[in-house]
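Below is one structure; the comments refer to it alone.
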Amino acid sequence: MYKFSSKFDKRAARVRRQLRTRSNGALVISVAKSNRNIYLQLIDHSEGRTVCSASTLSSDFVDFLSSKDVVCPISVNKTSSKQSRTNMDYARNIGKYFAMRLKSVDAIDINKRKFVFDRGGYLYHGVVKALADSIREEGIAF
């Protein structure tokens, strides 16, 4: 029997165990977040590598937010590191940015590949749900 230090660790272990049994060669979209930032990775477990990644910290994402197509009510300030980037608007925008980066990867045929969403130990609610919904809106099915 495993001893877990928190409910979060127990939930994360349960989710990852279920992913291992259900994925069957699918690419895994993994979510991690801190109090200030959101991180996404597309992981290919068969090859043991990260195919694509996105973060609210990357300068490309800040440039993506500055474009005219994206609506974000929060002002984009490149120098402010104390501004929280984990609210719902940032989650929707990082989801769109991640889907755009995923479509630009040549090695992946999005229509033929299967994807699995790994929420980690986070509940499928709030930021994580907004993130998943925005990725689905861009045409990535999981």
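Structure notes:
- Here the chain is treated with +1 on each Lys and Arg Cβ and -1 on each Asp and Glu Cβ, and its dipole about the Cα centre works out to around 780 debye.
- Correct choice for semi-axes √(5λ) of the Cα gyration tensor in Å that was computed from the model, options (1) 26, 20, 12; (2) 43, 37, 10; (3) 19, 17, 15: (1)
- Over the chain, DSSP H runs of length four or greater, each weighted -39,500 (n - 2.57), average out per residue to a 222 nm ellipticity of -12000 deg cm²/dmol.
- Here the 3J(HN,Hα) profile of region 109-116, calculated from phi with Karplus coefficients 6.51, -1.76 and 1.60 at θ = phi - 60°, is 9, 4, 6, 9, 8, 9, 10, 10 Hz, Gly and Pro shown as x.
- From phi via Karplus (6.51, -1.76, 1.60), per-residue ³J(HN,Hα) for region 92-102 in Hz, x at Gly/Pro: 4, 6, 5, x, 5, 5, 5, 5, 5, 5, 5
- For region 13-29, Karplus couplings with θ = phi - 60° (6.51, -1.76, 1.60), whole Hz, Gly/Pro x: 5, 5, 5, 5, 5, 5, 5, 4, 7, 9, 6, 6, x, 6, 7, 9, 8
Taken together, the values in this text are just the output of simple stated rules run on the coordinates, not laboratory data. Remember, predicted model here, so these are calculated numbers, not experimental data. Heads up, the Cβs are rebuilt from the backbone with ideal geometry, glycines too, and the neighbour counts pull from every protein chain shown.
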